[in-house]
Amino acid sequence: MGRAKLPRKSTNIDMTAMCDVAFLLLSFFILATKTKPPEAVAVLPPSSVSTRVAKEEAIMVTLTKDGKVFLMLGDKAHKDAIIEDINSSRQLNLTPAEMAKLKKLDFIGVPLNMLKGSLDLSEPIKPENMPGIPCGDSTNNELVDWVRSVSNSYKGESLENLNLCVKGDNLAKYPAYKNIKSAFKKNDIFKFKVVTNPEGVPADSELARNPPAPAK
Amino acid sequence: MAEMDTSSGGGHKKGPGVKKAKKMSTRVDLTPMVDLGFLLITFFVFTTTMSQPTAMAMNEPKDDPDNQLKVKNSGVMTLLLGKDDQVYYYYGELVDPNTQFKGSNFKEIRQLIADKRNATPMGDLMYIIKADKESTFKNAIDILDEMTISNVPPGHYAEVDMSEGEAKLIKMTEDANGIK
């Protein structure tokens, strides 16, 4: 009896298509990933169940774990006005070149009396060596001046547009945060946001049983 | 007639002894390239954190000493944030620290907050949060988050400065419990 012979098939598969797919996916992921905006210093914010997404254009006050305060003027539309305001209100006497330099900075982390000097340096100070904006008790709270300039730059506009955020490190001490809050309050700003990491709502909690209506 | 070889270079007539160059296959084995591609994809997928930071809205009250909110003693629970993620609490007014002042932590406090919420008429309910100078930013945010988790409506909790007596009490308790 003659057995039907199966034709031997080649085990080679054409890999071109698979290769195309792999690299297509790769390029998609690389291009679709947003890179983090530059940060003054690494800060690990606490987590909360809040689902509101933090807007990127924000006046961000960063509090590091050793209590240093940095200010990021992320609101490009008002940045120039804020810097001009602080220059005139605190008589910093910055030259136009220094002003231009200051406007280009991503974040501010030196006291006002050091600001002019630090702008003249050829090598900028490294963020980790910056002393931070003084934000102590009422006697030495320069953040108050900065926030005043921020709120001045919003004159005529509703303060609702002001997106003021505090981003603090888990390990920052509470009094440092309180000083930041009091700097806001002194300028009659009572609404601000705290940047947090998202966290799931714990099961078996009131919130999980009665979720609130989604925010408009 | 003489013929001219029009074909350029390489077009030499091969003699009988010259072998023809073997035609190479243009097919390349793409398997390693696919491997590499997927390896990179996996790497990027695993190293990318998808976290979009969220924002927690804060509404601070205006400091107004003439217009202080009066709350009923029976509806008040005071939460004190101490060192090392400790939470202390008492109900109503602190009269006798030995019996009223109790220690807890962030795990247990959720149940206590919910119990108080369920036991108190909503109109009387008030949580007073006082943070010690040794507590961290994380504690302050976490306790506000606990309020959200327990569905305590805004306006029924407030951050208040700690009195000296309470700070001392926390210090004593911490010393007694050996919390550094």
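No value in this document is a laboratory result; all are computed from the given coordinates. Just so it is clear, the model here is predicted, and its values are computed rather than measured. Don't worry about glycine lacking a Cβ; one is built from the backbone with ideal geometry, like all the others, and counts go over all protein chains shown.
Look at the dipole of the protein assembly as shown built from charges on Cβ: of A:LEU24, B:TYR90, B:THR42, the Cα furthest out on the positive end belongs to A:LEU24.
Quick one: dipole size for the stretch A:47-198, taken about the Cα centre, charges +1 on Lys/Arg Cβ and -1 on Asp/Glu Cβ, in debye to the nearest 20. Can you show the working numbers first?
Values: 22 positive and 19 negative charges, 87 e Å.
Here the stretch A:47-198 has a charge dipole of around 420 debye.
Over the protein assembly as shown, consider all pairs of different Cα atoms and compute the Kirkwood hydrodynamic radius from their mean reciprocal separation; express it in Å, one decimal.
Working: mean 1/r = 0.0381 Å⁻¹.
Here the Kirkwood hydrodynamic radius works out to 26.2 Å.
In a reduced charge model with +1 at each Lys and Arg Cβ and -1 at each Asp and Glu Cβ, the protein assembly as shown shows a dipole moment near 2520 debye about its Cα centre.
The equivalent ellipsoid of the stretch B:36-169 has semi-axes of 36, 17, 15 Å, largest first, where each one is the square root of 5 times an eigenvalue of the Cα gyration tensor. For the protein assembly as shown, the residue among B:THR31, B:LEU79, A:MET130 whose Cα projects farthest onto the positive side of the dipole built from Cβ charges is B:THR31. When the Gaussian network model of chain A links Cα atoms closer than 10 Å, the mean-square fluctuations of A:THR11, A:THR139, A:THR51 top out at A:THR11.
Gain on full extension, evaluated as 0.36 nm per residue between A:ALA100 and A:LYS9 minus their Cα-Cα distance, stands at 25.7 nm.
Under the definition of partner shielding as Cβ atoms of other protein chains within 10 Å of a residue Cβ, what is the mean value for peptide A:182-193?
The per-residue average across the peptide is 3.
For peptide B:42-48, compute the average count of partner chain beta-carbon atoms within 10 Å of each residue's beta-carbon.
Details: counts 1, 1, 5, 3, 0, 0, 5.
Mean shielding by partner chains, rounded to a whole number: 2.
How much length, in nm to one decimal, is gained on full extension between B:ASN118 and B:LYS171, taken as 0.36 nm per residue of separation minus their Cα-Cα distance?
16.0 nm
Against chain A, whose longest principal axis comes from its Cα atoms, helix A:16-32 is set at around 10 degrees.
Here the stretch A:47-198 is treated as a Stokes sphere of Kirkwood radius computed over C-alpha pairs; at 37 °C and 0.692 mPa s its diffusion coefficient rounds to 207 µm²/s.
Quickly rank B:153-160, B:34-41 as a protection proxy: mean count of other C-beta atoms within 10 Å, highest first. Intermediate values should be presented prior to the final figure.
On the way: B:153-160: 14.8, B:34-41: 16.4.
Per-residue mean Cβ counts within 10 Å order the peptides as B:34-41, B:153-160.
Between 0 and 90 degrees, the angle of helix A:142-153 with respect to the longest Cα principal axis of chain A falls at about 80 degrees. Please list, in order, the residues from the stretch B:131-165 whose amide nitrogen is less than 16 Å from a point placed 7 Å along the Cα→Cβ vector of A:ASN210. Within reach of a label on A:ASN210: B:147-157. For chain A, the mean residue ellipticity at 222 nm estimated from helices alone is -11000 deg cm²/dmol, where every DSSP H run of n ≥ 4 contributes -39500 (n - 2.57) and the total is divided by all residues, rounded to the nearest 500. Taking H placed 1.01 Å from N in the peptide plane, check which residues at least 5 places from A:VAL194 or on another chain put their amide H under 5 Å from its amide H. Here the answer is A:VAL166, B:MET56, B:ALA57, B:MET58, since their amide H atoms fall under 5 Å of that of A:VAL194.
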